[in-house]
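Below is one structure, written out as structure tokens; comments come after it.
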Amino acid sequence: MAVCARLCGVGQSRRCRRRQRQGQHDSDSDTDMDDEEGEKIVCELRGSSGGVPGPGEAPHSPQSLLELPPELLVEIFSSLPGTALPSLALVCKKFRQILSTETIWRRRCIEEFGMKDDLRKMEVVGVSSRELYVKRVNPRVKSGRFMKLLPDYEHMDYRDVYTHLLHPYRHILGLWQPDIGPYGGLLNVVVDGLFIIGWMYLPPHDPRVEDPMRRRPLFRIHMWESNKATVECMYGHKGPHKGDIQTVKKDEFSTKCNQTDHHRMPGGRQEEFRTWLEEEWGRTLEDIFHEHMQELILMKFIYTSQYDNCLTYRRIYLPPCLPSDLLQPGLFKGTYGSHGLEIIMLSFHGSQAKATKLTGDPNVPAGQMTLDIDLSRPVQLPDLEHQRSIEELSRLVMGVHEEVQRGAQCAAVAASEEAEGSSSGAEGSDAPPAHNAEAEESGVGAASSSSDPHPFVLPLGVMARNDVYPRTCKMCFYGTGLIAGHGFTSPERTPGLFVLFDDDRFGFIWLELKSFSLYSRLIDQLEHAQAPNMERFEAMLRNMQSWTS
């Protein structure tokens, strides 16, 4: 280990010369041997490069990389992308020898893929104890015992992990939305030790919107037994089994289970439905008294179970964060009545905030913009006594709604006149933007000046999933929510009130439905999910709507 420490400063290399003489001396003499051998290797490399002057020679400046000391070359090579290192190894024997240093590949695994574990101290994660322990039979004594099944770390190094696991599957890391009709979903593919695991994120059980998200592994990729990565399907209740992953095109991949019989249960579809219902909703069908809700649940089970984990996934990004945003954008869990909890993505676009569904329902499917908030039109709430009146709240919101409609009509007329080439139309087309800019400036200013918490209560007659909601809010804005019939028929935007409670919670009052949705931030750390820029993110939002329109 001292050899590698002298070459690169940290870690032990499985390819260093220390391994060639392993076992010749006991542990007491290992340290002395490491020191001597380390001096020898460093001197050989330095001598061959001419980087260290001999006795009586004048020091000189290196004229090329070959003349640099090996420990400096290790540091330089460690900062290069892993994809460039194989070509660098073809330059010369010295480079090839230095590129066998584990420290270089360990750093690439950490910096490029976020790998945090040490291969020499690794503990297997993402698997159950039943999968870790297998019964092995000793052929000599014919006795059985349970032994822990772990990867063979002695025959595995960071270069193998980088070359055969992380780099080939780098394109599937990040956030994805499965193509499950109107229901959608959220998949997060991460590096977890010696695994690449696809975790399906599920909302908490309705209506506990502030509970943490639930996770379920759908697939995993590992290289336990050889230098070839193995894909396993994790769906079902019989443990991991053979699966496959195919890259369909850029930002899209598909999974396939090769042993779907592992998804079946002895009790047939009834047992599968009861198990799914308990996991999905945390209750039995007898506990759900609402007949319409029972129909929706049964419909979802029939629709989603037919895929058998053979799905297509499309990449999604987290929204970019700007200093001018009202709060940090991101993912939130929200209550949606009989449909249960759903996951939405909140993003900001100038004076507009959008909430896009990542999970959906047969009425408003995943990918659609469920909320559209006009941040230039704040709403000042009355005192608590008048807040309890749904009529008073409707009067305030509908007043803003009518103003917005009049502005939209004027803009449409001005646009048509401008298209006809009318000079009066050109003058008229300049008026609405000036009015909107003034309203935006005054609205944002009024909102920021009144951001101190003030009392809030739901109006009487507005239905909420539970009474656990904040009793103070920071500010309110006019907005619209998307409603539709079954099968996304006759969609329309209906006015409502956006209520900002704090940095992690907001709500929306649907006036026409007389219902209230509470949203709570998803706090999980999601890596490899940031959008490259705002243009790519907005293009993704447009594509998401087209997937389910």
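Do we have any residue at all in the range 226-249 that's surrounded by 14 or more Cβ atoms within 10 Å (Cβ to Cβ), of a type in the set (A, V, I, L, M) and in contact with a helix residue (DSSP H, G or I) (Cβ under 6 Å, 6 or more places away or on another chain)? Steps first, answer last, please.
Within the range 226-249, the subset surrounded by 14 or more Cβ atoms within 10 Å (Cβ to Cβ) is 229-236, 240-241, 243-245.
Going one step further and asking which of them are of a type in the set (A, V, I, L, M), we end up with 229, 231, 234, 245.
Okay, now just the ones that are also in contact with a helix residue (DSSP H, G or I) (Cβ under 6 Å, 6 or more places away or on another chain), so 229.
So far as the range 226-249 goes, yes, one or more of its residues are surrounded by 14 or more Cβ atoms within 10 Å (Cβ to Cβ), of a type in the set (A, V, I, L, M) and in contact with a helix residue (DSSP H, G or I) (Cβ under 6 Å, 6 or more places away or on another chain).
Can you name every residue in the range 336-347 that is open to solvent by less than 10 Å² (accessible area, probe 1.4 Å) and either more than 17 Å from Ile316 (Cβ to Cβ) or not hydrophobic (A, V, I, L, M, F, W, C) (or both)? Full working, then the answer.
Let us first name the residues in the range 336-347 that are open to solvent by less than 10 Å² (accessible area, probe 1.4 Å), namely 340, 342-347.
Answer for the range 336-347, where residues must be open to solvent by less than 10 Å² (accessible area, probe 1.4 Å) and either more than 17 Å from Ile316 (Cβ to Cβ) or not hydrophobic (A, V, I, L, M, F, W, C) (or both): Gly340, Glu342, Ser347.
Could you tell me which of the residues Ile297, Ile288, Ile245 is β-branched (Val, Ile, Thr), at pLDDT 85 or above and under 20 Å from Pro204 (Cα atoms)?
Numbers: Ile288 fails: at pLDDT 85 or above; Ile245 fails: under 20 Å from Pro204 (Cα atoms).
Exactly one of Ile297, Ile288, Ile245 is β-branched (Val, Ile, Thr), at pLDDT 85 or above and under 20 Å from Pro204 (Cα atoms), namely Ile297.
Quick one: how many residues across the range 233-249 are in contact (Cβ under 8 Å) with a residue 12 or more places away in the chain and closer than 18 Å to Trp176 by Cα? Even if it seems obvious, please write down each step before you answer.
First, the residues of the range 233-249 that are in contact (Cβ under 8 Å) with a residue 12 or more places away in the chain: 233-245, 247-248.
Those left that are additionally closer than 18 Å to Trp176 by Cα: 233-235, 244-245, 247-248.
Looking only at that region, the number is 7.
If I filter the range 224-241 down to residues being in a strand (DSSP E or B) and touching a Cys at 6+ places or on another chain (Cβ under 7 Å), which single residue comes out as farthest from Leu202 (Cα to Cα)? Steps first, please.
Of the residues in the range 224-241, the ones in a strand (DSSP E or B) are 230-233, 241.
When the remaining residues are screened for being touching a Cys at 6+ places or on another chain (Cβ under 7 Å), the result is 233, 241.
Values: Cys233: 18, His241: 22 Å.
Taking the candidates together, the pick is His241.
Quick check on this structure: which one of Ile197, Ile180 is at pLDDT 90 or above, assigned to a strand (DSSP E or B) and open to solvent by less than 30 Å² (accessible area, probe 1.4 Å)?
Working: Ile180 fails: assigned to a strand (DSSP E or B).
It is Ile197.
Checking the condition closer than 24 Å to Ser546 by Cα, touching a residue at least 40 places away in the same chain (Cβ under 8 Å) and either surrounded by fewer than 19 Cβ atoms within 10 Å (Cβ to Cβ) or β-branched (Val, Ile, Thr) (or both), which residue from Met299, Met293 passes?
Details: Met293 fails: closer than 24 Å to Ser546 by Cα.
Selected residue: Met299, the only one of Met299, Met293 that is closer than 24 Å to Ser546 by Cα, touching a residue at least 40 places away in the same chain (Cβ under 8 Å) and either surrounded by fewer than 19 Cβ atoms within 10 Å (Cβ to Cβ) or β-branched (Val, Ile, Thr) (or both).
Please determine whether any residue of the range 366-374 is modelled with pLDDT of 85 or more and out of contact with any strand residue (DSSP E or B) (no Cβ under 6 Å at 6 or more places or on another chain).
Yes.
Take the residues in the range 205-223 that are open to solvent by less than 40 Å² (accessible area, probe 1.4 Å), touching a Ser or Thr at 6+ places or on another chain (Cβ under 9 Å) and assigned to a loop (DSSP other than H, G, I, E, B), then tell me which one is modelled with the highest pLDDT.
Val209
Considering only residues that are of a type in the set (S, T, N, Q) and assigned to a strand (DSSP E or B), look in the range 498-549 and name the one that is nearest to the chain's Cα centre (by Cα).
Applying the filter and picking the extreme gives Gln530.
So which residues in the range 184-194 are modelled with pLDDT of 95 or more and open to solvent by 10 Å² or more (accessible area, probe 1.4 Å), if there are any at all?
Correct list: empty.
For the range 467-490, state whether one or more residues are of a type in the set (A, V, I, L, M), assigned to a loop (DSSP other than H, G, I, E, B), within 26 Å of His205 (Cβ to Cβ) and open to solvent by 20 Å² or more (accessible area, probe 1.4 Å).
First pass over the range 467-490, keeping only residues of a type in the set (A, V, I, L, M): 468, 475, 482-484.
Filter once more, so that each one left must be assigned to a loop (DSSP other than H, G, I, E, B): 468.
Those left that are additionally within 26 Å of His205 (Cβ to Cβ): 468.
Those still in the list that are open to solvent by 20 Å² or more (accessible area, probe 1.4 Å) too: 468.
For the range 467-490, residues of a type in the set (A, V, I, L, M), assigned to a loop (DSSP other than H, G, I, E, B), within 26 Å of His205 (Cβ to Cβ) and open to solvent by 20 Å² or more (accessible area, probe 1.4 Å): present.
Kindly indicate the residue of the range 531-549 that is open to solvent by 60 Å² or more (accessible area, probe 1.4 Å) and closer than 18 Å to Ala484 by Cα and also modelled with the highest pLDDT among those meeting that condition.
Start the filter on the range 531-549 by keeping residues that are open to solvent by 60 Å² or more (accessible area, probe 1.4 Å), which leaves 532-533, 535-536, 538, 542-543, 545-547, 549.
Still in the running and closer than 18 Å to Ala484 by Cα: 545-547, 549.
Working: Gln545: 85, Ser546: 82, Trp547: 77, Ser549: 62.
Residue satisfying both the conditions and the ranking: Gln545.
What are the pairs with Cβ atoms under 6 angstrom where one residue, in the range 251-264, is part of a loop (DSSP other than H, G, I, E, B) and the other, located anywhere, is open to solvent by 30 Å² or more (accessible area, probe 1.4 Å)? Sequence gap at least six, or different chains.
Asp251/Arg315; Asn258/Lys242; Gln259/Lys242
How many residues does the range 321-360 hold that are under 24 Å from Trp547 (Cβ atoms), part of a loop (DSSP other than H, G, I, E, B) and more than 21 Å from the chain's Cα centre (by Cα)?
Total meeting the criteria: 2.
Under 7 Å between Cβ atoms, which residue pairs at least 6 apart in sequence (or on different chains) link something in the range 90-106 that is in contact (Cβ under 8 Å) with a residue 12 or more places away in the chain with a partner that is aromatic (Phe, Trp, Tyr) and open to solvent by less than 30 Å² (accessible area, probe 1.4 Å)?
Close Cβ pairs satisfying both conditions: Ile98/Phe77; Leu99/Phe77; Glu102/Tyr158; Ile104/Phe77; Trp105/Tyr158; Trp105/Tyr162; Arg106/Tyr158.
Listed here are the residues, each with its yes/no results for (1) open to solvent by 20 Å² or more (accessible area, probe 1.4 Å); (2) modelled with pLDDT of 85 or more.
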{"site": "Lys354", "(1), (2)": "yes, yes"}
{"site": "Leu393", "(1), (2)": "no, yes"}
{"site": "Gly399", "(1), (2)": "yes, yes"}
{"site": "Glu403", "(1), (2)": "yes, yes"}
{"site": "Arg406", "(1), (2)": "yes, yes"}
{"site": "Ala414", "(1), (2)": "no, no"}
{"site": "Gly428", "(1), (2)": "yes, no"}
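The values are calculated or read from the model by the stated rules, or taken from the named source; none is laboratory data. Here the structure is a predicted model, which means the values were calculated and not measured. Virtual Cβ from ideal backbone geometry, glycine too; neighbours counted across all protein chains shown. When the accessible area is computed, the model is the full protein with side chains, heavy atoms only, and any ligands, DNA or RNA have been set aside. Shrake-Rupley method; radii C 1.70, N 1.55, O 1.52, S 1.80 Å.
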